[in-house]
Amino acid sequence: MREVNVGVEPVTADLISRARAGDGTAFGVLTEPYRRELQVHCYRMLGSLADAEDALQDTLLAAWQGLGGFEGRASIRTWLYRIATTRCLNALRSASRRPAREWDMPSVEPPEPTRFGEVVWLEPYPDALPEGVPDTPPGPEARYEQTEAISLAFVTALQVLPPRQLAVLVLRDVLGFRADEVAGMLDSTVGSVNSALKRARAGLHRRQSSTAGKDPAPAAGTSAEQTLVARFVRAYESGDPDALVALLTDDVFVSMPPIPLEYQGREAAGRLFAGIFRSGRRVDLVPTRANGQPAFGAYLRASTGPRHGSGLFVLTLSGARIRAFTRFDSSVLPWFGLPRSLPGRPATARGR
């Protein structure tokens, strides 16, 4: 069987010809190795797992329909990234994003926010998704570790960049494609790509300047992370605002997409949590992980009946403190293998 060298990946001419002839199995063999990393790419660009999955499906459909135009001058992987990036840019320009929502805790009056968020469509990415990290290591020109490049802070910062700058920065600094490869993907020139990258880096730096010099998060699964997370669970489940605030950094950031209210600093966050706990609202927390960070499904306690899911909490850690707290609505719980509700608590547990 004759092989055609497509970029750095050997792909048999027979496999491509079978896919072009309508063989879905052959097409799957060509594209399945890149499916998860393409979804992660779309998520970084769009900030929403639901939108990323739509873009991925559009990418695979376009690749299936356009395989006849694949000339082998780039690898299958590069060709798929070109299609996926185009689909994401189209989605960004269509501006049909998830709208902001009203405050959804009727028994709690929220304090005045520090500001109103810009990225209300942000959604979390489950660590537990099969093969949740890119299958292919980034190129040598990449500037970001893959774990950092999936964090909520990084993905949020990307969302405020102009679409073309966003695409260039992800392709160059996260994935490590060469400037000429990116120019080919975007039907542009190397000079234009380099100019867009310079502006994107400056914009990203302005968004991330407040985190410069912060203590790094403890490594996942270490005793340092487990200890901090356990202290958070005790404080939050018991409704102890003082214990919770003691775990926060001075400049802690609290956000609740798609609710646009945001709270910056310990004092503002303390007022928010004190109001929630004062209302008698209590939750039980079920651990998971999102965006490489500790996360929890939150289930609202009730005097009788099941405990219904009320949201997903994601923590950003810095040293032995919590630097950010992000609360998402309960619609994301199934993505993490978490149920919509839990059975009611035993009477002895309710009495504690």
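Each reported figure results from applying straightforward, stated rules to the coordinates on display, with no laboratory input. Worth saying up front: this structure is predicted, and the values here are computed from it rather than measured. Every residue, glycine among them, receives a Cβ derived from its backbone with ideal geometry; neighbour counts consider all protein chains shown.
Things to note:
- Charging the Cβ of each Asp and Glu at -1 and of each Lys and Arg at +1, and nothing else, the dipole of the chain about its Cα centre rounds to 680 debye.
- Estimated from the Cβ-Cβ distance and a Förster radius of 41 angstrom, the FRET efficiency linking ASN194 and THR222 is about 0.55.
- Lys, Arg +1 and Asp, Glu -1 on Cβ, resulting dipole of the stretch 257-340 about Cα centre, debye, nearest 20: 220
- Net charge of neighbours whose Cβ lies under 15 Å from the Cβ of PRO106, counting Lys and Arg as +1 and Asp and Glu as -1: -1
- With contributions of -39500 (n - 2.57) from each DSSP H run of at least four residues, the per-residue ellipticity at 222 nm computed over the chain stands at -12500 deg cm²/dmol.
- Percent of beta bridges antiparallel (DSSP, the chain, rounded to nearest 5): 90
- Viscosity 1.306 mPa s, temperature 10 °C, Stokes-Einstein D of the stretch 43-142 from Kirkwood C-alpha radius, µm²/s: 95
- Computed on the stretch 1-94, the Cα convex hull volume stands at 91 Å³ per residue.
- Simple spin-label estimate for SER303 and ARG115 in nanometres, 7 Å along Cα-Cβ: 4.3
- Mean Cα-pair separation over length for the chain, i.e. relative contact order, pairs under 8 Å, 6 or more apart, %: 16
- Top positive-direction residue, dipole computed over the chain with Cβ charges, set THR147, LEU129, PHE296: PHE296
- Charge tally in the Cβ shell below 11 Å around ALA91, where Lys, Arg are +1 and Asp, Glu are -1, ALA91 excluded: 0
- Annotation: for a label point projected 7 angstrom from Cα along Cα→Cβ of ARG327, residues of the stretch 94-109 with backbone N closer than 15 Å are 101-109.
- Global form of the stretch 113-251, assessed from the alpha-carbon gyration tensor, a/c cut-off 1.5: prolate
- Computed Rg/Rh of the chain, alpha carbon atoms with Kirkwood Rh: 1.02
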